[in-house]
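Colleague: There's a structure below that I have some questions on.
The values are calculated or read from the model by the stated rules, or taken from the named source; none is laboratory data. Here the structure is a predicted model, which is why all the values come from computation and not from measurement. For neighbour counting, all protein chains shown are included, and Cβ atoms are generated from backbone atoms with ideal geometry for every residue, glycine included. For the accessible areas, the whole protein counts, side chains as well, though only heavy atoms, and no ligand, DNA or RNA atoms are used. Shrake-Rupley method; radii C 1.70, N 1.55, O 1.52, S 1.80 Å.
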Amino acid sequence: MMQESSPYTEVQIRPDWRQLLIDELVSILGALGLLVIGGLDSVPYHSVFFCVALALVFKVYYRYVYLKGMLYTVTGEQLVYEHGVFTRSRDYIELYRIVDFDEKRSFLQLILGLKTIIVHSGDRTLPKLRIIGIREAADVVGCLRERVSYNRKRMNIHEFANYQ
């Protein structure tokens with residue numbers, strides 16, 4: 001049996017680097033402050049402050065590498081989420097299983113022009129997927145909705161709701 005091909009091209013989405021500023025602002029500011037304090041010889045235990053600052057710098061760097069390694073791929077039939085630094089994980093959501101979408105914007109995301117898209121699905125392993133650090137102008141929900149609708153029609157899947 002021949003499988004029909006999807007008319008959609010693959011779309012890859014990566015979080016914007018500014019999401020790191022939002023997620024790690026306290027760590028970045030703390031590391032800078034502790035580096036300044038650790039650099040002063042007149043402060044008692046200045047080496048301890050310096051070591052804690054270095055630990056925070058490594059934490060922020062790890063989060064940066066993790067964020068840069070995150071990849072959301074929307075194919076014709078699936079939403080694929082890849083993540084990890086030392087080990088890589090790949091999670092799949094069949095598009096026809098997607099039920100709903102939310103767009104959230106924190107105060108800092110509003111300022112930096114980013115948003116978080118939450119995909120609700122009937123998938124057992126990943127019922128809620130957060131797509132973080134997406135630029136405000138990107139119409140990810142529109143792209144996903146169109147593909148979800150296409151896949152539901154293609155697979156003859158209908159949703160029945162009992163609203164009261």
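Colleague: Pairs under 8 Å by beta carbon, first residue more than 18 Å from VAL11 (Cβ to Cβ) in region 54-74, partner among the acidic types (Asp, Glu) and open to solvent by 50 Å² or more (accessible area, probe 1.4 Å), six or more apart or different chains?
Modeller: Hits for this filter: ARG63/ASP23; LEU67/ASP23.
Colleague: Among the residues of region 33-53, is there at least one that is open to solvent by 60 Å² or more (accessible area, probe 1.4 Å), touching a residue at least 40 places away in the same chain (Cβ under 8 Å) and among the aliphatic types (A, V, I, L, M)?
Modeller: no
Colleague: Still on this structure: Of the residues LEU29, LEU21, which single one is over 26 Å from ASP139 (Cα atoms), open to solvent by 60 Å² or more (accessible area, probe 1.4 Å), part of a helix (DSSP H, G or I) and at pLDDT 95 or above?
Modeller: That would be LEU29, the only listed residue that is over 26 Å from ASP139 (Cα atoms), open to solvent by 60 Å² or more (accessible area, probe 1.4 Å), part of a helix (DSSP H, G or I) and at pLDDT 95 or above.
Colleague: Please work out which residue is farthest from VAL140 (Cα to Cα), limiting yourself to region 85-125 and to residues that are out of contact with any helix residue (DSSP H, G or I) (no Cβ under 7 Å at 6 or more places or on another chain), hydrophobic (A, V, I, L, M, F, W, C) and not in a strand (DSSP E or B).
Modeller: PHE86
Colleague: Any residue that is part of a strand (DSSP E or B), over 12 Å from the mean Cα position of the chain (by Cα) and of a type outside the set (A, V, I, L, M, F, W, C) - is there at least one of those in region 77-84?
Modeller: Within region 77-84, one or more residues are part of a strand (DSSP E or B), over 12 Å from the mean Cα position of the chain (by Cα) and of a type outside the set (A, V, I, L, M, F, W, C).
Colleague: Give the residue, chosen from GLU77, GLU146, GLU136, GLU94, that is charged (D, E, K, R), out of contact with any Pro (no Cβ under 8 Å at 6 or more places or on another chain) and closer than 20 Å to TRP17 by Cβ.
Modeller: When all the criteria are applied, what remains is GLU136.
Colleague: Looking for something farther than 30 Å from VAL148 by Cα, of a type outside the set (Asp, Glu) and open to solvent by 10 Å² or more (accessible area, probe 1.4 Å) - is there at least one such residue anywhere in region 65-77? Give the steps one after another, and end with the answer.
Modeller: Taking region 65-77 first, the residues farther than 30 Å from VAL148 by Cα are 65.
Of the ones still in play, those that are also of a type outside the set (Asp, Glu) are 65.
Now drop any that are not open to solvent by 10 Å² or more (accessible area, probe 1.4 Å), which leaves 65.
Yes, some residue in region 65-77 is farther than 30 Å from VAL148 by Cα, of a type outside the set (Asp, Glu) and open to solvent by 10 Å² or more (accessible area, probe 1.4 Å).
Colleague: Please tell me if LEU144 is under 13 Å from VAL74 (Cβ atoms), aliphatic (A, V, I, L, M), open to solvent by less than 20 Å² (accessible area, probe 1.4 Å) and under 16 Å from the mean Cα position of the chain (by Cα).
Modeller: On the way: under 13 Å from VAL74 (Cβ atoms): yes; aliphatic (A, V, I, L, M): yes; open to solvent by less than 20 Å² (accessible area, probe 1.4 Å): yes; under 16 Å from the mean Cα position of the chain (by Cα): yes.
Yes: the conditions hold for LEU144.
Colleague: Within region 106-128, can you find the residues that are surrounded by 18 or more Cβ atoms within 10 Å (Cβ to Cβ) and without any contact (Cβ under 8 Å) to a residue 24 or more places away in the chain?
Modeller: Correct list: LYS115, THR116.
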